[in-house]
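> First the structure, which I've put down as structure tokens, then a few questions once you've had a look.
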Amino acid sequence: MAEQLISTAVHEQLPENYVRPETQRPRLHEVVSDAQIPVVDLADPDRAAVVARIGEACTTHGFFQVINHGVPVELMDAMLAVAYDFFRLPPEEKAKLYSDDPAKKMRLSTSFNVRKETVHNWRDYLRLHCHPLEQYVPGWPANPPAFRMMLMGELTILLSSQLRLQTTPDMHLVPS
């Protein structure tokens, strides 16, 4: 099944099972070009306002951009580089991680549901459970060699940023 991964194959042309019927394609003429992406500044000392902006962005847009999250640009760039290296691993290395089982805590897969879809989404992804780190890190991919350490570094910073947000239960950011 790992041969289904987009990052494994070399394509001369777009495979038919990735071509959506015109009725299912995005209608670019309906795209709002001047729309603003909501921005959440984690450095804002008013935690209630930060939480309110997150809630509003999730309600109105379903997504938002986070700034001042504390992750250095150098670490983000290094993480992107190691992710690139991961998806360029040899097919036999990626085959060890491939699974279509949605219950798996760690899996490399493609699209949403390869077994049931007639048209796939053009993506490969690596799903990793991350919390608690000490429980899941040993099962993360060992290749590329920098993968685990790089991801642990980024997650540690992100989790510490998240913990700064968790000030009161009424903010709904305290883990259950």
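> Which residues, counting only those in segment 1-50, are touching a residue at least 24 places away in the same chain (Cβ under 8 Å) and assigned to a helix (DSSP H, G or I)?
Ala2, Glu3, Gln4, Asn17, Tyr18, Gln24, Arg47, Ala48, Val50
> What about Val82, is it assigned by TED's automatic domain parsing to the domain that holds Asn143, closer than 29 Å to Pro15 by Cβ and in contact with a Phe, Trp or Tyr (Cβ under 8 Å, 6 or more places away or on another chain)? Before you say what the answer is, go through the steps one by one.
Working: assigned by TED's automatic domain parsing to the domain that holds Asn143: yes; closer than 29 Å to Pro15 by Cβ: yes; in contact with a Phe, Trp or Tyr (Cβ under 8 Å, 6 or more places away or on another chain): yes.
Judged against the criteria, Val82 is a match.
> Out of (1) surrounded by 10 or more Cβ atoms within 10 Å (Cβ to Cβ); (2) closer than 25 Å to Leu126 by Cα; (3) aliphatic (A, V, I, L, M), what's the single condition that is false for Val10?
(1)
> Exactly one of these conditions fails for Val119: (1) of a type outside the set (Asp, Glu); (2) over 22 Å from Arg20 (Cβ atoms); (3) surrounded by 12 or more Cβ atoms within 10 Å (Cβ to Cβ); (4) out of contact with any Leu (no Cβ under 6 Å at 6 or more places or on another chain). Give me its number.
With (1) of a type outside the set (Asp, Glu); (2) over 22 Å from Arg20 (Cβ atoms); (3) surrounded by 12 or more Cβ atoms within 10 Å (Cβ to Cβ); (4) out of contact with any Leu (no Cβ under 6 Å at 6 or more places or on another chain) applied to Val119, the lone miss is (2).
> Counting residues that are more than 30 Å from Gln36 (Cβ to Cβ) and at pLDDT below 90, which strands (runs of 3 or more DSSP E) fully inside segment 60-176 reach at least 1?
Values: elements: 65-67, 106-110, 124-128.
Where strands (runs of 3 or more DSSP E) fall fully within segment 60-176 and carry at least 1 residues being more than 30 Å from Gln36 (Cβ to Cβ) and at pLDDT below 90, they are 106-110, 124-128.
> Quick one: is Arg53 more than 16 Å from the chain's Cα centre (by Cα) and outside any loop (DSSP other than H, G, I, E, B)? I'd like the intermediate steps shown before the answer.
Numbers: more than 16 Å from the chain's Cα centre (by Cα): yes; outside any loop (DSSP other than H, G, I, E, B): yes.
Criteria met by Arg53.
> Sticking with this structure for a sec: Any idea which of Asp85, Asp44 is under 26 Å from Leu155 (Cβ atoms) and surrounded by 14 or more Cβ atoms within 10 Å (Cβ to Cβ)? Show your work before the answer.
On the way: Asp44 fails: surrounded by 14 or more Cβ atoms within 10 Å (Cβ to Cβ).
Sole residue among the options that is under 26 Å from Leu155 (Cβ atoms) and surrounded by 14 or more Cβ atoms within 10 Å (Cβ to Cβ): Asp85.
The values are calculated or read from the model by the stated rules, or taken from the named source; none is laboratory data. These numbers were taken from a predicted model, which means no experiment stands behind them. Cβ coordinates were reconstructed from backbone atoms using ideal geometry, including for glycine residues, and neighbour counts include every protein chain displayed.
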